[in-house]
Amino acid sequence: MENHYQVIVIGAGPSGAACGITLQKQGIKHCVIDKATFPRNKTCAGLVTKKTYGLINELFEGQNTERLFCTTANRIRLYRKTQLLADAPLVRDIHLVERKIFDNALVEKYRELGGVLMEGESGITVDYDNNRILLSNGQILYYDTLIFADGALSMSHKSLHVDKSKLAFGVETYLTTEVLDTKSVDIYFEYVDNGYLWVFPHGERVCVGVAGQYKKGEDYKKMLASFLKDVGVSTEHIRYIGAFLPYGYVIPQEKLPDNVILIGDAGGFTDPISGEGLYMALKTGILSAQAVTTQNPKKTYWQNVKGLVSVVKEGNRVQKFFYSPAIHKMVLGKLSGKEQLVSFFFEHQVEEYHYEYRNVIQMYRDYKKSCH
Ligand SMILES: Cc1cc2nc3c(=O)[nH]c(=O)nc-3n(C[C@H](O)[C@H](O)[C@H](O)COP(=O)(O)OP(=O)(O)OC[C@H]3O[C@@H](n4cnc5c(N)ncnc54)[C@H](O)[C@@H]3O)c2cc1C
C-alpha cells in the first residue's frame with residue numbers, strides 16, 4: 001500500500017531529523033511530518049556539549065560540520081546575581097549553534113539521503129485504534145510504528161494528562177555585541193528559583209535567557225528585564241521569545257499503545273540540571289530508529305534509553321536538592337573561587353556524563369584527588 005509506512009515520525013526538530021536520517025540509512029519505509037516549514041526558529045540557547053558534538057558528526061557521516069556552529073567559547077563563568085563566583089577555563093572549546101541554521105542543516109542532511117519530509121502540516125489527527133493518522137488535506141497514512149518527536153508540548157501528552165508544572169519554561173532574547181558582550185558561557189544564579197539565567201556568545205550577537213520550573217503566573221520576562229537593568233542594558237524595544245522544555249519528568253510512554261514511541265522533548269528527555277536537550281534529542285532519535293528493526297521496537301527502545309531515563313530521574317532529585325534555598329545558598333558560597341571544581345564538573349559531567357548523578361559525591365572525591 002502506497003500510504004502505508006513502517007514508521008511515521010511526527011516532528012522534524014533534532015530528534016525527528018536524527019530519527020529520519022537513521023531510518024533512511026537503514027532503508028526503512030517511513031516519512032517525517034512537521035507543522036512548520038523549514039528553516040524555522042526554535043527558542044534555545046544553542047549550547048552544544050562534547051557528547052552532542054560527537055552525535056552531530058556521526059549523523060553527518062564525517063562531513064565538515066564547522067558551518068553549523070556560530071561560535072565557540074573556552075571559559076565558563078558562574079555568578080550569584082552579578083557577583084562573579086568563578087571564571088573557569090574549559091579543557092576543550094564548547095560549540096554553540098543558531099537553531100534555525102542547525103535544525104535546517106539536519107533536515108537538509110535527511111533530504112540529501114533521500115528522506116521524505118512533509119512540511120507545513122499542522123492538522124494531524126492520530127487514530128491509535130486503527131494505526132493511522134489523518135492529515136488536514138484528508139489524506140490517511142498508516143503506520144506500524146508511530147514516533148512522536150513533536151517537542152515539549154507533544155500532542156501525545158493529551159491522553160496522558162501531562163501537567164505543565166512538570167515542565168520548565170524559558171524566555172530569551174538576542175542582543176548585539178555592542179549592547180552586551182561575552183566570549184564565555186556565563187551562568188547567573190538567583191534571578192530565578194529552580195533554574196538559572198544565561199548569557200551565551202552567538203557570533204555577532206549574544207543570547208540572554210532565563211529558565212526555571214514552570215509556575216503559572218510567574219513573570220519570566222520581568223526576571224530577564226531585572227538582569228538587563230542590573231548590567232545597564234535598556235529593556236525598551238526588547239523582543240522576548242519563550243518556550244517550554246522538559247525538566248526532570250520522564251513521560252510514561254507505557255500508557256500509550258505498544259507501537260507508539262516518544263523521543264526528544266516529547267519523551268521528557270532533557271538534563272534537569274543543565275537544561276541540555278540536544279544530546280538526548282539526537283540520541284533518542286537514533287536509538288528509536290535502530291529499535292524499529294527489532295521484533296519489539298518499543299521494548300528494545302526502552303531498554304536502550306534506560307541510561308538516559310536514569311539521568312533524567314536522578315538529575316531531577318539532585319536538581320531539587322541543589323535549588324532548595326538553604327542548600328543553594330551554601331553551595332553558591334562554596335563555589336566562590338573554585339575554578340578548578342567548576343572546570344572539573346563541566347568537563348566530566350556536562351560534557352561527557354562521566355558520572356551518574358547518583359554518584360555526585362564520588363565525583364567530588366575524584367575532584368579532590370585531582371587537586372593533589
Ligand atoms: C529556552 C530554552 C533554552 C534551551 N537551551 C538549550 C541549550 O543551550 N542546549 C541544549 O542542548 N538544549 C537546550 N534547550 C532544549 C532543546 O531546545 C530541546 O531539548 C530540543 O529542541 C529538543 O528537540 P526535539 O526535536 O525533541 O523538539 P523540538 O526541537 O521542539 O522540535 C519539535 C518539532 O516538532 C514540530 N511539531 C510540534 N508540534 C507538531 C504537530 N502537532 N504536528 C507536526 N509537527 C509538530 C515542531 O514544528 C518542531 O519542528 C533549550 C530549550 C529552551 C526552551
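Add -39500 (n - 2.57) for each DSSP H run of 4 or more in the chain, then divide by its residues: what number comes out at 222 nm, to the nearest 500 deg cm²/dmol?
Rounded to the nearest 500, it is -9500 deg cm²/dmol.
If each of Gln139 and Glu58 carries a label point 7 Å out from its Cα toward its Cβ, how far apart are those two points in nm?
If labels sit at Gln139 and Glu58, their model points lie 3.1 nm apart.
Counting other beta carbons within 10 Å of each Cβ, put Cys19, Cys31, Cys44, Cys371 in order, fewest first.
Cys371, Cys31, Cys44, Cys19
List Val233, Val342 from most exposed to least, where exposure is judged by having the fewest other Cβ atoms within 10 Å.
Arranged by neighbour count, lowest to highest, Val233, Val342 become Val233, Val342.
What are the lysines whose alpha-carbon lies under 26 Å from the alpha-carbon of Lys35, with same-chain residues fewer than 8 places away excluded?
Those lysines meeting the cut-off are Lys25, Lys100, Lys109, Lys158, Lys164, Lys166, Lys255, Lys283, Lys298.
Note down the magnitude of the dipole of the chain about its Cα centre, charges +1 on Lys and Arg C-beta and -1 on Asp and Glu C-beta and zero elsewhere, to the nearest 20 debye.
1000 debye
For region 228-245, what does the Karplus curve 6.51 cos²θ - 1.76 cosθ + 1.60, with θ = phi - 60°, yield as ³J(HN,Hα) per residue in whole Hz, taken in order and with x for Gly and Pro?
For region 228-245, the Karplus-derived couplings read 4, 4, 4, 9, x, 9, 5, 9, 5, 6, 7, 9, 9, 10, x, 7, 7, 8 Hz, x marking Gly and Pro.
Enumerate the calculated ³J(HN,Hα) couplings along region 330-340 in order (Karplus 6.51 cos²θ - 1.76 cosθ + 1.60, θ = phi - 60°), each rounded to whole Hz, writing x wherever the residue is Gly or Pro.
5, 5, 4, x, 6, 6, 4, x, 9, 4, 5
Given +1 on the Cβ of Lys and Arg, -1 on the Cβ of Asp and Glu, and no further charges, what dipole in debye does region 164-244 carry about its Cα centre, rounded to the nearest 20?
About 420 debye.
Ranked from highest to lowest mean number of other Cβ atoms within 10 Å per residue, what is the order of the peptides 307-316, 217-226?
Output ranking for 307-316, 217-226: 307-316, 217-226.
Which lysines, if any, have their Cα less than 29 Å from the Cα of Lys334, not counting same-chain residues under 8 positions apart?
Lys334 reaches Lys50, Lys51, Lys81, Lys183, Lys215, Lys222, Lys229, Lys313, Lys320, Lys368, Lys369.
Explain nothing, just the number: dipole magnitude of region 294-372 about its Cα centre with +1 on each Lys and Arg Cβ and -1 on each Asp and Glu Cβ, in debye rounded to the nearest 20.
For region 294-372, the charge dipole is close to 420 debye.
Treating region 325-370 as a set of equal point scatterers at the Cα positions, no solvent, please give the Debye-formula log₁₀ I(q)/I(0) at q = 0.22, 0.30 Å⁻¹.
Log10 I(q)/I(0), no solvent term: -0.83, -1.16.
If r is the Cβ-Cβ distance from Glu178 to Glu66 and R0 is 25 Å, what FRET efficiency results, to the nearest 0.05?
After rounding to 0.05, the efficiency reads 0.45.
What ranking of Ser136, Ser154 emerges when the number of other C-beta atoms within 10 Å of each C-beta is taken as an exposure proxy, fewest first?
So the ranking, lowest neighbour count to highest, is Ser136, Ser154.
Can you give the Rg to Rh ratio of region 53-120, both from alpha-carbon atoms, with Rh computed by the Kirkwood formula?
Rg/Rh for region 53-120 comes to 1.15.
Could you derive backbone 3J(HN,Hα) for region 130-142 from the dihedral phi with the Karplus parameters 6.51, -1.76 and 1.60 (θ = phi - 60°), listing whole Hz in sequence and x where the residue is Gly or Pro?
In residue order, the calculated couplings are 10, 6, 8, 10, 10, 9, 5, 8, x, 5, 10, 10, 9 Hz.
Pull up the DSSP beta bridges for the chain and report the antiparallel fraction as a percent, rounded to 5.
Bridges in the chain that DSSP calls antiparallel: roughly 70 percent.
Gain in length, Lys306 to Lys158, computed as 0.36 nm per residue apart minus the alpha-carbon separation, to one decimal in nm?
Here the segment from Lys306 to Lys158 would lengthen by 50.9 nm.
Considering every Cα-Cα pair within the chain, what fraction, in whole percent, is farther apart than 39 Å?
16 percent
For Glu112 and Ala326, what is the calculated FRET efficiency with R₀ set at 56 Å and r taken between the beta-carbons, to the nearest 0.05?
Given R0 = 56 Å and the Cβ-Cβ separation, E is 0.55.
The numbers here are math on the coordinates, done by the rules we state, and not lab data. Quantities reported herein were computed from a predicted structural model and do not represent experimental measurements. All Cβ positions, glycine included, derive from the backbone under ideal geometry; neighbour counts span all protein chains shown.
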